[in-house]
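**Student:** Please read through the structure below; I'll follow up with questions.
Bear in mind these aren't lab numbers, they're just calculated from the coordinates by the rules spelled out. Worth saying up front: this structure is predicted, and the values here are computed from it rather than measured. Here the Cβ positions follow ideal geometry from the backbone for every residue, glycine too, while neighbour counts run over all protein chains shown.
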Amino acid sequence: MTTPEDLYREKFSGYSPEPPQELWNGIDRRLSWRRFFTFNPRTINIYYAAAALGAAAYLGYQLPDKHSDIPGIAAPMEVADVYEPINPVAGHTPTHATPLSGTITPIREFHDETSTRAEADSDNHAHSGPTASTSQSGIIAEHQPDDSANSTADRQEPIRENSNTRESLSDPKKNKDIKVRWGSQGFAAALEAETENGDLSYLWDLGDGGKAVGKKVSHRYAKPGDYRVRLVAFSAAGNFSDTVYQDITIKGTTYSITFPNALVATTSAAAFAPKGNIQELTKYRLTVYNRNGMEVFSTTDPLQGWHGYYHGDRVPKGVYAYRAACQFLNGEQTSYSGSITIFWEENNNLIIHP
Amino acid sequence: MEELELIKKCREGNRKAQCELYRKYSPLLFGICLRYSSSREAAEDILQESFLKIFASIDGYEGTGSFEGWMRRIAVNTAITCYHQNLKHEHHEDVDDYAQTIASQEPNFDSLEFTHEELLGVVNSLPDGYRMVFNMFAVEGFKHREIAEMLNIDINTSKTQFMRARMIVMRRLEELKKTHGK
């Protein structure tokens, strides 16, 4: 006798009807996300790379300015931005003397007295503290006087390719050699990783505490000295990593200009104008004020001097204040301020009192 | 691919291995799902949910018992979950079934008399609660105590429902026999 339960047990033991074909598609689709997050040794490197990039971003690395094609120079601060008249008079336009010579023109190349680089000694780094953040490149101006237009043409800082210390984790067969090209101008340095492999990510330790991300970075150092830059390059897949060390030298600046402290108000004698490294000035603005704070002279040409005249007349004898905002070829910005005493010359005598 | 290798790759999220596991075991599990559901569409839903559970919890398979048995149990549990979810929607019993089954004689059936489809048709037509208990007791071999725990019902309810389900099944099988005889 076969009971219903026996009948069903016997009949459905191993009963295997074929399910619809499209059922797997639904399961497959719903499993796709689960697969993505499933631990898999073959894909875990991608997660490591993503985590490294995320951590780098979190720790404050900054992406370099990809639009810059000027190596090594920080975006200059506009002179007009840093310079404000002490007491500007509304509607007043100072009288300018005729420029002696020269113009200010934008350039895309930079010159430096430091045409050679001392070999860096790895034990002799100048480790200064953390400095300004990664700088941006920009256009600055070059002073090109008419009579000495080529005086700075042979002083351009060369971009160097140096042999460097290397700690490689890579498979030498993969042919992913990485070199560091660098150049410096004043306090600014530009660095670029050179490799045939275009799929790498780059982390820079700039030697002074500064960090940067990207194949091409620029940085402004606070102090001159030798720095050891460390570049870590790695592939997104995590199967390649390379660390390159590069010693660089930051020479800083030695530029300075001076102003006279006295002037005879006459068009025939020397004018009130800066002396010193005026050929290296890329931005310049000089303004002179009288004792009431009124602007009596202003120029952006370092070769244009003040003869002690205002609106065609000699200014009164006495003490005048001046302020000059300057930027040099290496990107350094300085301002000078002081006073100048104006004399009158009458009958071959210098007169200071009325 | 060996079963252990297949399981290992499924744990790693290997799509090919998951597909192969599905191809290998989906007919068997579909047979179970068909018995526990009232329609083929419902059985397909249960099968899909079962495989998602299998792939999600395949790490929990310790490899000690039969992998096939482990998957069967997941399919049954999924059917039970589905039953609980649908409990409030389909809860009706045909009173006529009881009156006629009480007088039935002790049956004697030959398994060759019925096709799988006919037997499925009978069990699918049972009220949900009866079908669950009948399948679990008659085919899967669970004890009433286990069924009561799994379905969250009283043990006597399980026994009663099984007896009533059995009577209904017997009566409908006899009707089928008469149809065949004609």
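**Student:** May I ask for the percentage of alpha-carbon pairs in the stretch A:243-288 that lie more than 16 Å from each other?
**Tutor:** 60 percent
**Student:** Taking chain B as a Gaussian network, Cα atoms linked when under 10 Å apart, which of B:R40, B:R15, B:R72 shows the biggest mean-square fluctuation?
**Tutor:** Comparing B:R40, B:R15, B:R72 in the GNM, the peak value goes to B:R15.
**Student:** Between the stretch A:234-268 and the stretch B:1-60, what is the C-alpha centre distance in whole Å?
**Tutor:** With the stretch A:234-268 and the stretch B:1-60 each reduced to a Cα centre, they are spaced 67 Å.
**Student:** Which distance in nm do the two modelled labels at A:N197 and B:K53 give, with both placed 7 Å along the Cα-to-Cβ direction?
**Tutor:** 4.7 nm
**Student:** First select every other residue whose beta carbon is under 12 angstrom from the beta carbon of B:T81; then total the charges, Lys and Arg +1, Asp and Glu -1.
**Tutor:** -1
**Student:** Tell me whether the stretch A:299-354 comes out rounded, prolate or oblate; compute the Cα gyration tensor, take square roots of the eigenvalues as a ≥ b ≥ c, and use a/c under 1.5 as the rounded threshold.
**Tutor:** Because a/c hits 1.5 or more and a/b exceeds b/c, the stretch A:299-354 counts as prolate.
**Student:** Additional query: Which distance in nm do the two modelled labels at A:T258 and B:L4 give, with both placed 7 Å along the Cα-to-Cβ direction?
**Tutor:** 9.1 nm
**Student:** What is the distance, in nm, between label points placed 7 Å from the Cα along the Cα-to-Cβ direction at A:Y58 and at B:D154?
**Tutor:** Here the modelled spin labels are 5.8 nm apart.
**Student:** Relative to 2.2 N^0.38 Å, what does the C-alpha radius of gyration of the stretch A:169-276 come to as a ratio? Two decimals please.
**Tutor:** In units of the 2.2 N^0.38 Å rule of thumb, it is 1.71.
**Student:** Too long at a 21 Å Cα-Cα cut-off: which of A:K251/A:K275; A:K11/B:K177; B:K53/B:K143?
**Tutor:** Pairs exceeding the cut-off: A:K251/A:K275; B:K53/B:K143.
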